[in-house]
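Undergrad: Please read through the structure below; I'll follow up with questions.
The values are calculated or read from the model by the stated rules, or taken from the named source; none is laboratory data. The structure displayed is predicted, hence computed values, not measured ones. Positions of Cβ are generated from backbone atoms using ideal geometry, with glycine treated the same way; all protein chains shown enter the neighbour counts. The accessibility values were calculated without ligands, DNA or RNA, using every heavy atom of the protein model including side chains. Shrake-Rupley method; radii C 1.70, N 1.55, O 1.52, S 1.80 Å.
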Amino acid sequence: MAADYPDIDIAPYLDHALLTPTATPEQVEQWCQQADRFNFASVCVYPVYVKQAAELLHGKKPQVCTVIGFPTGATTGAVKLYEAQEAAENGATELDVVMNLGWLRVGKTDAIHREIAEICEATGQTVKVILETNLLTDAEKKLAAEIAMDAGAAFLKTSTGWNGGATVSDVRLLKEVARDRVGIKASGGIRTLEQALDLILAGATRLGTSRSIDLIRQRDNLEKGG
């Protein structure tokens with residue numbers, strides 16, 4: 001495999017995710033220590049742990065990321081806005097917002113745009129819009145991506161991980177639509193170094209995974225010739 005891939009340091013691509021429902025404060029501390037040690041892009045935690053993560057990572061390079069309207073995107077716009085504002089006040093600098101796919105399916109594009117734009121404007125933070133690509137047709141993926149970008153999103157994110165994971169084909173599609181205007185975050189089901197590198201080569205600029213440490217171990221073993 002080493003001969004087939006360029007020399008890519010995957011650590012700065014990784015959003016080190018702790019989004020299991022049973023996540024504990026002790027795990028949050030562990031994830032933050034790991035993110036700092038390995039130079040990950042961020043730690044992604046539930047809103048209830050944002051303040052703790054922000055305190056642990058104060059003055060350090062990894063960003064504090066959280067999820068908004070997770071995992072369905074079907075909470076009201078007012079609830080999402082409050083959740084995002086509170087998260088930003090507590091120290092989150094990156095907000096992964098789940099799009100309302102029911103609205104997308106019935107053509108309520110103005111409402112989707114308004115919801116995302118309000119969060120972008122009110123918080124001033126990096127917003128990644130989760131499109132849940134596994135549930136969409138290619139036409140819906142393109143429409144969702146355009147709405148998110150027009151509303152001010154900084155990243156298009158493939159998935160929550162609750163309805164399937166990231167695919168190379170979806171990353172390529174989003175990259176084609178984005179035309180380098182925004183970042184592309186691939187998330188869900190990323191367990192191997194080969195998967196991670198394939199997604200990066202397809203156009204992903206971030207990778208969301210709970211298996212970050214496994215990926216680093218795989219990278220280190222490969223470098224050692226293991």
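Undergrad: Calculate for the chain the 222 nm mean residue ellipticity that helices alone would give, adding -39,500 (n - 2.57) per DSSP H run of length 4 or more and normalising by residue count, nearest 500 deg cm²/dmol.
TA: Dividing the helical sum by the residues of the chain leaves -13500 deg cm²/dmol.
Undergrad: Skipping prolines and chain starts, which residues have an amide H placed within reach, meaning under 5 Å, of the one on residue 63, given they are 5 or more residues away or on another chain?
TA: Hits under the 5 Å cutoff: 42, 43.
Undergrad: Sticking with this structure for a sec: Relative contact order (percent) for the range 150-226, with alpha-carbon contacts under 8 angstrom and 6 or more residues of separation?
TA: Values: 105 pairs, mean separation 22.8, N = 77.
RCO, the range 150-226: 30 percent.
Undergrad: Ok, one more. Using a 1.4 Å probe on the protein chains only, how many percent of the accessible area of the chain belongs to carbon and sulfur?
TA: Details: 4950 of 10300 Å².
After summing per-atom areas, the C and S share lands at 48 percent.
Undergrad: Residue by residue through the range 163-175, what is 3J(HN,Hα) from phi via Karplus (6.51 cos²θ - 1.76 cosθ + 1.60, θ = phi - 60°)? Round to whole Hz and write x for glycine and proline.
TA: Here the 3J(HN,Hα) series is 9, x, x, 6, 10, 4, 5, 5, 4, 4, 4, 5, 5 Hz.
Undergrad: To continue, here is another question. Write down the percent of antiparallel bridges among all DSSP beta bridges whose residues are both part of the chain, to the nearest 5.
TA: 0
Undergrad: Ignoring ligands, DNA and RNA, what accessible area per residue does the chain give at 1.4 Å, in Å²?
TA: 46
Undergrad: Once phi is turned into θ = phi - 60°, what whole-Hz ³J(HN,Hα) does the Karplus curve with 6.51, -1.76 and 1.60 give for every residue of the range 68-79, x standing for Gly and Pro?
TA: In residue order, the calculated couplings are 10, x, 8, x, 9, x, 9, 6, 6, x, 5, 5 Hz.
Undergrad: Do me a favour and compute the ellipsoid semi-axes for the range 44-114 from its Cα gyration tensor, root of five times each eigenvalue, largest one first, whole Å. Each step should come with its number before you reach the end.
TA: On the way: eigenvalues 147, 20, 18 Å².
After diagonalising the Cα gyration tensor, the semi-axes are 27, 10, 9 Å.
Undergrad: Something else now. Compute the relative contact order of the chain as a whole-number percentage, counting only Cα pairs closer than 8 Å that sit 6 or more residues apart in sequence.
TA: 17
Undergrad: Taking amide hydrogens as modeled 1.01 Å from N in the peptide plane, which residues meet the under 5 Å criterion relative to residue 184, leaving out close sequence neighbours?
TA: Here the answer is 156, 205, 206, since their amide H atoms fall under 5 Å of that of residue 184.
Undergrad: Also, quick follow-up: Spelling out what I want: for every residue of the range 148-158, take phi, set θ = phi - 60°, compute 6.51 cos²θ - 1.76 cosθ + 1.60 (Karplus), and round to whole Hz; glycine and proline get x.
TA: 4, 5, 4, 7, x, 4, 8, 9, 9, 10, 5
Undergrad: Considering Cα pairs under 8 angstrom that are at least six residues apart, work out the relative contact order of the range 28-145 and quote it in whole percent.
TA: The value is 21 percent.
Undergrad: Looking only at Cβ-Cβ distances, which cysteines of the chain have no other cysteine closer than 4.7 Å?
TA: Isolated Cys, the chain: 32, 120.
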